[in-house]
């Protein structure tokens, strides 16, 4: 197993370059890896128009967008509806930009008229107008949100704009217009901040909504004019659980995988897109949230359920068992007794078991000789017990029949809890084919 160590600074390696902004910046997950990483590995793997690249944890579509820009057909899997909207919309470059802008201006005009009828301007107010009955979310939906994540006046404006979008619905433009709304919600309209954890920032009384939304649509239209000559390259994002990828795609149909799965830590990735998911109607109750989370690899204790059984896939893995035992021993030593803390050791096994299940299922759709790049990171979230994610996944992949070509250092980041430098790496694998894999197990 080779290891290529090329230290990079965290900021420089995750910056979205201006030339990469078209489509990528329509909506970008705060923890996304940068487009240039996809370019690097697409070139290394020799991908072209006759190849097919898969991102089984596609998130908001970085791999899909960059592959399309490179002329490489792609497919992504994503179980979070809001993220899937982003991924699928960011690779849809077919709308006529002039017609999209014309339709968005019609929607904006209608929304502004509805606000005016309520006695509200889109411009920020210094106080809530008297006598105005503001729109609110149903109680079950509101309970899903971080308190004060959006103030009452901006929320009213968002709900009015959403109604205007529904009233002027056009299937040719709906996804782009909804994604533009999702893009402005967390920070420009709402009160959230990312660092990279989602939390509450400055709570503002009011914010413009319709004008800011229309500006985002205008940016999309400008990008579409630039991107449309490359619109014909196939790219699709499917509603799917990455752990059963082998049941979803054709056998031996994938030439390469470029992806970044969740890391084993206490980040609830669904919280990062929660505000948008609720306001766009993808989540309306805790039942919806639970259904969504059950389609994800278990990477944090808030997504663990009683009937989860992925840990069976690593029941004989000595390193995973050692880490889980160390976490549980540390919990007992520190007298940590909350329900979530009691699950730290279990979610660690569920995570690596889920990834083992994914890799086994994935092998069915890979062509012999397919190359894979997994962006993963070391973690110490569970009571400061170090988890060398890349190394462990490399060992799991080898047992599943993959060849480990290298573990490339992508960047390092400082862990405040342990004061150590944590590695983020790209685990590079090769699938030799089922027959060759069986002979080496």
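The values are calculated or read from the model by the stated rules, or taken from the named source; none is laboratory data. Just so you know, these numbers come straight off a predicted model, no measurement behind them. Ideal geometry is used to build each Cβ from the backbone, glycine not excepted, and the neighbour counts take in all protein chains shown.
Exactly one residue among 198, 160, 189 is touching a strand residue (DSSP E or B) at 6+ places or on another chain (Cβ under 7 Å) and closer than 25 Å to residue 285 by Cα, and that residue is 198. Taking the conditions exactly as written (surrounded by fewer than 23 Cβ atoms within 10 Å (Cβ to Cβ) and modelled with pLDDT under 95), does residue 302 satisfy them or not? When the stated conditions are applied, residue 302 passes them. Taken over segment 333-355, the residue count meeting the criterion of being within 25 Å of the chain's Cα centre (by Cα) and not in a helix (DSSP H, G or I) is 1. Taken together, 242, 235, 180, 207 contain a single residue that is buried (at least 21 other Cβ atoms within 10 Å of the Cβ), over 20 Å from residue 31 (Cβ atoms) and in contact with a strand residue (DSSP E or B) (Cβ under 6 Å, 6 or more places away or on another chain), which is 235.
With respect to the conditions (1) assigned by TED's automatic domain parsing to the domain that holds residue 42; (2) surrounded by fewer than 24 Cβ atoms within 10 Å (Cβ to Cβ), residue 121 lacks only one, and its number is (1). Counting the residues of segment 376-405 that are closer than 20 Å to residue 430 by Cβ and part of a strand (DSSP E or B) gives 4.
Conditions (1) closer than 18 Å to residue 18 by Cα; (2) surrounded by fewer than 24 Cβ atoms within 10 Å (Cβ to Cβ), marked per residue:
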{"residue": "37", "(1), (2)": "yes, yes"}
{"residue": "43", "(1), (2)": "no, yes"}
{"residue": "52", "(1), (2)": "no, yes"}
{"residue": "61", "(1), (2)": "yes, no"}
{"residue": "65", "(1), (2)": "yes, no"}
{"residue": "69", "(1), (2)": "yes, yes"}
{"residue": "72", "(1), (2)": "no, no"}
{"residue": "75", "(1), (2)": "no, no"}
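Only residues that are part of a loop (DSSP other than H, G, I, E, B) and either more than 28 Å from residue 357 (Cβ to Cβ) or more than 13 Å from the chain's Cα centre (by Cα) (or both) were counted across segment 242-277, and they come to 9. Note on segment 21-129: enclosed helices (runs of 4 or more DSSP H) holding 3 or more residues that are out of contact with any helix residue (DSSP H, G or I) (no Cβ under 8 Å at 6 or more places or on another chain), without any contact (Cβ under 8 Å) to a residue 12 or more places away in the chain and within 22 Å of residue 217 (Cα to Cα) are 97-117.
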